[in-house]
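The values are calculated or read from the model by the stated rules, or taken from the named source; none is laboratory data. Since the structure is predicted, the reported quantities are computational estimates derived from the model, not experimental observations. Because the Cβ atoms are built from the backbone with ideal geometry, glycine has one as well, and the counts that use them run over all protein chains shown.
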Amino acid sequence: QCVSVCPTGALTEVDHTNDIIRALSDPTKTVVVQTAPAVRAALGEEFGLPPGTLVTGKMVSALRELGFDYIFDTDFSADLTIMEEGTELLQRLQQYLAGDTEVRLPILTSCCPGWVNFFEHNFPDLLDVPSTAKSPQQMFGAIAKSYFAEKIGVNRKDMIVVSIMPCLAKKYECQRDEFKADGNPDVDYSISTRELAAFIKQANIDFLNLPDGNFDDPLGESSGAGVIFGNTGGVIEAACRTAYELYTGKTLEKVDFHALRGMEGIRSATVDFDGLQLNIGIAHGLGNARKLLNDVKAGKSQYHAIEIMACPGGCIGGGGQPYHHGNSEILSKRIAAIYTEDKRKVIRKSHENPSIIRLYEEYLGKPGSHKAHQLLHTEYFPKSNEVTIHLHG
Ligand code: SF4
């Protein structure tokens with residue numbers, strides 16, 4: 001019996017690789033896979049490559065050799081998250097600027113299930129503060145099993161969605177009841193970066209000599225803003241790239257918000273939205289998050305928006321990544337790799353992703369629409385603080 005414990009305290013690690021192998025060998029199933037931004041910056045370490053080596057193309061080729069029918073990118077749904085979360089941020093800001101004293105500010109990011117789990121347990125009186133936007137993993141599942149399933153004429157019950165995540169809390173997130181339709185989960189199985197590496201080795205795939213493959217369309221297209229979700233500060237930087245243009249109606253010339261980057265546990269920055277000074281807070285690590293949340297609770301927070309990620313460095317330091325043993329040099333190299341991937345992208349703002357534009361035109365209407373709310377938003381629940389330990393064989 002082997003149990004790994006998630007550093008976010010969310011859960012124990014259950015490996016679903018055998019379930020995925022069964023799904024891949026079932027001809028009645030269409031098996032779709034999504035890969036989180038941080039995975040490509042660390043997977044190579046399991047094959048002896050130096051930290052910070054990007055293996056995006058080899059990862060795609062390996063997934064193709066493993067037999068997945070469609071290889072998509074969570075970066076796509078990170079772009080979608082920005083469309084919904086950025087719209088929510090602007091709506092709350094506009095209400096605030098119009099003098100609405102009831103509006104909940106700061107808005108908190110909601111894409112990290114380790115963090116969501118933490119505030120549901122520890123701040124049950126603040127459940128209306130975080131954005132209602134689902135995480136990119138769950139937005140992907142919801143869109144794959146509706147829009148994409150309809151496009152290819154597959155019943156959602158015959159589609160299996162697998163996610164490759166740097167994270168162990170994502171395993172628990174995809175099992176939450178609010179992310180199911182008639183008991184069928186939007187994301188069936190979530191495996192970690194380490195588990196994917198073991199799966200590739202088990203299949204005898206010569207990872208290091210694989211050619212670079214490309215993601216499939218349409219849920220494989222992404223902007224640089226989607227990629228930087230993997231780093232602490234990346235979600236709020238991506239949100240600023242889009243929210244700035246939506247708020248000011250002007251083109252953002254410099255997309256790199258260096259003030260939002262870095263490794264300090266708590267960071268602050270002010271971003272100029274054409275005269276509106278937006279105060280941003282960033283925390284990674286749950287001890288740091290607690291400090292910012294205590295200020296929100298006491299009504300003392302100076303921020304309009306706060307990004308919180310549970311793991312050190314954000315998802316690049318997630319509990320499902322190759323072990324880094326607290327080595328900040330390894331984390332810094334992964335962070336640099338993610339910013340390199342962002343720079344290489346032709347499109348670096350979420351709202352300019354052509355597949356996202358098409359998704360709204362063909363299916364969702366506009367950000368924050370009724371359909372977008374049904375598929376892409378969620379709610380939070382107060383949780384007890386009892387500690388339950390699940391052991392499994
Ligand atoms: Fe998972 Fe990323 Fe949150 Fe860590 S920071 S718990 S890896 S979503």
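What about Asp75, is it within 16 Å of the ligand (Cβ to nearest atom) and either within 17 Å of the chain's Cα centre (by Cα) or at negative phi (or both)? Steps first, answer last, please.
Details: within 16 Å of the ligand (Cβ to nearest atom): yes; either within 17 Å of the chain's Cα centre (by Cα) or at negative phi (or both): yes.
The answer is yes for Asp75.
Kindly indicate the residue of the range 81-113 that is more than 21 Å from the chain's Cα centre (by Cα) and part of a helix (DSSP H, G or I) and also nearest to Lys366 (Cα to Cα) among those meeting that condition. First the steps, then the outcome.
At the first step, the residues of the range 81-113 found to be more than 21 Å from the chain's Cα centre (by Cα) are 91-105.
After this cut, where a residue has to be part of a helix (DSSP H, G or I) as well, the list is 91-97.
Working: Gln91: 14, Arg92: 17, Leu93: 19, Gln94: 18, Gln95: 19, Tyr96: 22, Leu97: 23 Å.
Restricting to residues being more than 21 Å from the chain's Cα centre (by Cα) and part of a helix (DSSP H, G or I), the top hit is Gln91.
Taking into account only those residues within the range 346-368 that are part of a helix (DSSP H, G or I) and among the β-branched types (Val, Ile, Thr), which is farthest from Ser131 (Cα to Cα)? Steps first, answer last, please.
Just the residues of the range 346-368 that are part of a helix (DSSP H, G or I), to begin with: 350-352, 354-364.
Checking the rest, the ones that are also among the β-branched types (Val, Ile, Thr) come to 356-357.
Values: Ile356: 20, Ile357: 22 Å.
Among those residues, the one meeting the criterion is Ile357.
I'd like to check something: does the range 22-39 contain any residue that is buried (at least 21 other Cβ atoms within 10 Å of the Cβ), more than 18 Å from Leu219 (Cβ to Cβ) and not small (Gly, Ala, Ser)?
no
Which ranges mark the helices (runs of 4 or more DSSP H) fully within the range 114-210 that have 3 or more residues being among the acidic types (Asp, Glu)? Spell out the reasoning first.
Values: elements: 136-143, 149-152, 169-173, 193-202.
Ranges flagged: none.
Which one is surrounded by the most Cβ atoms within 10 Å (Cβ to Cβ), of the residues in the range 314-337 that are more than 14 Å from the ligand (Cβ to nearest atom) and either among the hydrophobic types (A, V, I, L, M, F, W, C) or assigned to a helix (DSSP H, G or I) (or both)?
Ala337
Looking at the range 262-285, can you tell me whether even one residue there is within 15 Å of the ligand (Cβ to nearest atom) and part of a helix (DSSP H, G or I)?
No, the range 262-285 contains no residue that is within 15 Å of the ligand (Cβ to nearest atom) and part of a helix (DSSP H, G or I).
If you scan the range 241-255, which residues turn out to be surrounded by fewer than 17 Cβ atoms within 10 Å (Cβ to Cβ), in contact with an Asp or Glu (Cβ under 8 Å, 6 or more places away or on another chain) and either touching a residue at least 40 places away in the same chain (Cβ under 8 Å) or of a type outside the set (D, E, K, R) (or both)?
Thr248, Thr251, Leu252
Taking the residues in the range 92-133 that are more than 13 Å from the ligand (Cβ to nearest atom) and of a type in the set (Phe, Trp, Tyr) as candidates, determine which candidate is modelled with the lowest pLDDT.
Among them, the one singled out is Tyr96.
Which residues, counting only those in the range 165-183, are within 22 Å of Lys29 (Cα to Cα), surrounded by fewer than 20 Cβ atoms within 10 Å (Cβ to Cβ) and touching a residue at least 12 places away in the same chain (Cβ under 8 Å)?
Phe179, Ala181
Yes or no: Asp186 away from the ligand (no atom under 16 Å from the Cβ) and surrounded by fewer than 18 Cβ atoms within 10 Å (Cβ to Cβ)?
Details: away from the ligand (no atom under 16 Å from the Cβ): yes; surrounded by fewer than 18 Cβ atoms within 10 Å (Cβ to Cβ): no.
No.
Given the conditions (1) more than 14 Å from the chain's Cα centre (by Cα); (2) in a loop (DSSP other than H, G, I, E, B); (3) surrounded by 20 or more Cβ atoms within 10 Å (Cβ to Cβ), and given that Ser222 satisfies all but one, which numbered condition is not satisfied?
Here Ser222 meets the rest and fails (1).
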